[in-house]
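**Q** Structure incoming, see below.
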Amino acid sequence: MKIATFNINGIKARAQALLDWLDEAAPDVALLQEIKSVDEAFPREVFEDRGYNVETHGQKGFNGVAILSKLPLEDVTRGLPGDDGDDQARWIEATVTGSRALRVCGLYLPNGNPAPGPKYDYKLAWMERLHARAEALLAEEMPALMAGDYNVIPQPEDAAHPEKWADDALFRPETRAAWRRIVNLGFTEAFRARVQGPGHYSFWDYQAGAWRRNDGIRIDHFLLTPQAADLMTGCGIDAEVRGREKPSDHVPVWVELDA
DNA sequence: ATGGTCGTGGGACGA
């Protein structure tokens, strides 16, 4: 089973580019972030026509996550637990069953800039809630994953110019410590389990020719529970998508599981 | 050092 995550930066502007990539990459499941659409306006029919089931958790203008799946999506839940007052659409989960059941969680972690400040406080609080959900997921002892735009640069080698990010909410020590606390619960970071070294990125800013200069960062990640990590047969980043017409500023990241 | 670019919705604001 191939599962991908892709921050598409607006479904209306990206529907055709997304369809083109789905046709080539043929993921069984695609976790989408920044759909920037309410549920009623999501163009679900064009994906259903390709054989995908569609579940969305949108809001007006910003954020928004969705799941496309060739397999049925069961037990769908929306919103990260832990704060009933949080109305930002950043979390969706569902169960897909191939040869065995897999729980997939799609997330759009807050950017947090400028830091310090209230937006950064919200990011760190959100990561605390993610930690709690991660613990509960592990306790279920079933194959499960949490994937999406984490807005976290885990290590200096995950940025072309880490010095530029020193004070940024994506790279500050508190951000990276919160990330490590989650990973160290027992998750496998899929990409780094298979690929070492610098030069692997998932985001290039639209500004200042970042793609042309390969000034990227790796902020889109898969965390696998032990039961899911045991099933992993591959992981990759479709970086070439960034060079196409009307690209998102992110590219797809995917894993292959024997599930 | 500065400013640079997108998407949404039809304003600013978020990234």
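**Q** Which condition breaks for A:G199 when tested against (1) in a loop (DSSP other than H, G, I, E, B); (2) away from DNA strand B (no atom under 12 Å from the Cβ); (3) under 18 Å from A:L109 (Cβ atoms)?
**A** (3)
**Q** Would you tally the residues in the stretch A:96-115 being in a strand (DSSP E or B), in contact with an Asp or Glu (Cβ under 9 Å, 6 or more places away or on another chain) and surrounded by 17 or more Cβ atoms within 10 Å (Cβ to Cβ)?
**A** Residues that pass the stated criteria total 7.
**Q** Does A:P116 satisfy the criteria of being modelled with pLDDT of 95 or more, within 15 Å of DNA strand B (Cβ to nearest atom) and over 20 Å from A:V255 (Cα atoms)?
**A** In short, yes.
**Q** Working carefully through the options A:L80, A:L68, A:L102, A:L109, find the one that is within 13 Å of DNA strand B (Cβ to nearest atom), at pLDDT 95 or above and touching a strand residue (DSSP E or B) at 6+ places or on another chain (Cβ under 8 Å). Reasoning before the result, please.
**A** Values: A:L80 fails: within 13 Å of DNA strand B (Cβ to nearest atom); A:L68 fails: within 13 Å of DNA strand B (Cβ to nearest atom); A:L102 fails: within 13 Å of DNA strand B (Cβ to nearest atom).
None of the others qualify; the one that does is A:L109.
**Q** Being among the hydrophobic types (A, V, I, L, M, F, W, C), within 19 Å of A:L102 (Cβ to Cβ) and surrounded by 24 or more Cβ atoms within 10 Å (Cβ to Cβ) is the filter here; which residues of the stretch A:204-241 pass it?
**A** If the condition is that a residue be among the hydrophobic types (A, V, I, L, M, F, W, C), within 19 Å of A:L102 (Cβ to Cβ) and surrounded by 24 or more Cβ atoms within 10 Å (Cβ to Cβ), then A:F222, A:L223, A:L224, A:A228 are the ones that fit.
**Q** Here's a follow-up. Go through the stretch A:206-259 and report how many residues are under 30 Å from A:N184 (Cβ atoms) and either without any contact (Cβ under 8 Å) to a residue 12 or more places away in the chain or not in a helix (DSSP H, G or I) (or both).
**A** Adding up the residues that qualify gives 31.
**Q** So in the stretch A:1-58, with the set limited to residues that are among the small types (G, A, S) and assigned to a helix (DSSP H, G or I), which one is farthest from DNA strand B (Cβ to nearest atom)?
**A** Only one residue fits best here, namely A:A25.
The values are calculated or read from the model by the stated rules, or taken from the named source; none is laboratory data. Values in this document were obtained by computation on a predicted structure and should not be read as measured data. Note: ideal-geometry Cβ built from the backbone for every residue, glycine included; neighbour counts use all protein chains shown.
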